[in-house]
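Colleague: Quick one: the structure is below, questions incoming.
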Amino acid sequence: MAATAAYDEIADWYEAEFSPRSSADDSLGVDRALRDLLGRGDGRCLEIGCGTGVHAASVRALGWTPIGVDLSAGMLRHARGRLPCARGDAERLPVGDASVDAAIAMMVHTDMPAYPAVLREAARVVRPGGVFVHVGVHPCFCGGFADRSDPEAVVIRTGYGDGHWTKESWTDRGIRDKVGASHFPLAELLNAVLAAGMVPERFAETGGSTPVVLALRARIPAGGSPV
Ligand SMILES: C[S@@+](CC[C@H](N)C(=O)[O-])C[C@H]1O[C@@H](n2cnc3c(N)ncnc32)[C@H](O)[C@@H]1O
């Protein structure tokens, strides 16, 4: 595991400025997507890349017991008061096979260049019949190729089809310009969910008429992987 993680550098900014700004009115619909797709339940819900733990309250409000894993000690310092959490790599989750009832990945896939491997880990740690929820930036309308400075006229430049890492961004108030982000074209992202052996059940798009967020709920098959 890396001694320092990219988010260590920006953890205090994320806690003090970014999270309050982005969650003040849930204008991107991140919390709404989580609540709609995860739904009520009980048992342990693992947040993969829990960051500062901002989603723990919603997970708890739905009846689940939140736990979290993140690579960044700086982010976890803020998360500790919000949920039980541990430092670990999403590509090798420090969690036993079939040991949680649900897992969520909230706004993290662009931070995880090996997201297909992370999805396989999610499928490993969630019990058969359990649920996985992904809520992430929309691959079609967000990325280094998308200029969202005018919400009425989002400009999509060339580059969508290339999976790549970039720090290019239309704004200096976001995350991509600070730590960079990976891009997964839509089909690649959805095919990775299928390749992990999960069965997609529902999709959602939120955050305006040119959506900022694409979310999905998938089930871990009860009778073994279908692939
Ligand atoms: C944009 S933040 C999202 C945090 C939180 N889920 C939220 O919605 O506020 C991305 C998080 O992913 C974490 N992360 C990136 N790569 C990771 C990895 N390989 N394993 C675990 N966490 C990772 C970062 O440290 C950071 O906390």
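The values are calculated or read from the model by the stated rules, or taken from the named source; none is laboratory data. Just so it is clear, the structure is predicted and the values come from calculations on it, not from any experiment. In this analysis, Cβ positions are derived from the backbone assuming ideal geometry, glycine residues included, and neighbour counts consider all displayed protein chains.
Colleague: Which one of these does Gly129 not meet: (1) in a loop (DSSP other than H, G, I, E, B); (2) at positive phi; (3) of a type outside the set (Phe, Trp, Tyr)?
Modeller: Just one mismatch for Gly129, condition (1).
Colleague: Consider Arg157 carefully, then state whether it is modelled with pLDDT of 95 or more, out of contact with any strand residue (DSSP E or B) (no Cβ under 6 Å at 6 or more places or on another chain) and farther than 19 Å from Arg44 by Cα.
Modeller: No; evaluated as a whole, the condition is false for this residue.
Colleague: So Cys45 passes all but one of these: (1) among the hydrophobic types (A, V, I, L, M, F, W, C); (2) touching a helix residue (DSSP H, G or I) at 6+ places or on another chain (Cβ under 6 Å); (3) within 11 Å of the ligand (Cβ to nearest atom). Which condition number does it fail?
Modeller: (3)
Colleague: Separate question: Considering each of Thr110, Thr65 in turn, give the residue that is polar (S, T, N, Q), in contact with a Lys or Arg (Cβ under 6 Å, 6 or more places away or on another chain) and surrounded by fewer than 24 Cβ atoms within 10 Å (Cβ to Cβ).
Modeller: Just a single option satisfies the conditions, and that option is Thr65.
Colleague: Okay, moving on. Going through region 132-157 one residue at a time, which ones are assigned to a strand (DSSP E or B) and crowded, with 20+ Cβ neighbours inside 10 Å?
Modeller: Phe132, Val133, His134, Val135, Gly136, Val137, Ala146
Colleague: Okay, moving on. Filter region 64-78 for residues that are more than 8 Å from the ligand (Cβ to nearest atom) and assigned to a loop (DSSP other than H, G, I, E, B) and give the result.
Modeller: Answer for region 64-78, where residues must be more than 8 Å from the ligand (Cβ to nearest atom) and assigned to a loop (DSSP other than H, G, I, E, B): just Trp64.
Colleague: Let me ask you something else. Which one is surrounded by the fewest Cβ atoms within 10 Å (Cβ to Cβ) among residues in region 48-61 that are touching a helix residue (DSSP H, G or I) at 6+ places or on another chain (Cβ under 9 Å) and outside any loop (DSSP other than H, G, I, E, B)?
Modeller: Ala61
Colleague: When you go through (1) under 17 Å from Leu186 (Cα atoms); (2) touching a residue at least 24 places away in the same chain (Cβ under 8 Å) one by one for Arg127, which number turns out not to apply?
Modeller: Looking at each condition in turn, Arg127 falls short on (1).
Colleague: So in region 79-126, with the set limited to residues that are part of a helix (DSSP H, G or I) and of a type in the set (Asp, Glu), which one is nearest to the ligand (Cβ to nearest atom)?
Modeller: Among those residues, the one meeting the criterion is Asp111.
Rundown of residues vs (1) modelled with pLDDT under 95; (2) among the charged types (D, E, K, R); (3) more than 18 Å from the chain's Cα centre (by Cα), yes/no style:
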{"site": "Ala3", "(1), (2), (3)": "yes, no, yes"}
{"site": "Asp8", "(1), (2), (3)": "no, yes, no"}
{"site": "Ala16", "(1), (2), (3)": "yes, no, yes"}
{"site": "Arg35", "(1), (2), (3)": "no, yes, no"}
{"site": "Cys50", "(1), (2), (3)": "no, no, no"}
{"site": "Val59", "(1), (2), (3)": "no, no, no"}
{"site": "Leu71", "(1), (2), (3)": "no, no, no"}
{"site": "Ala79", "(1), (2), (3)": "no, no, no"}
{"site": "Leu83", "(1), (2), (3)": "no, no, no"}
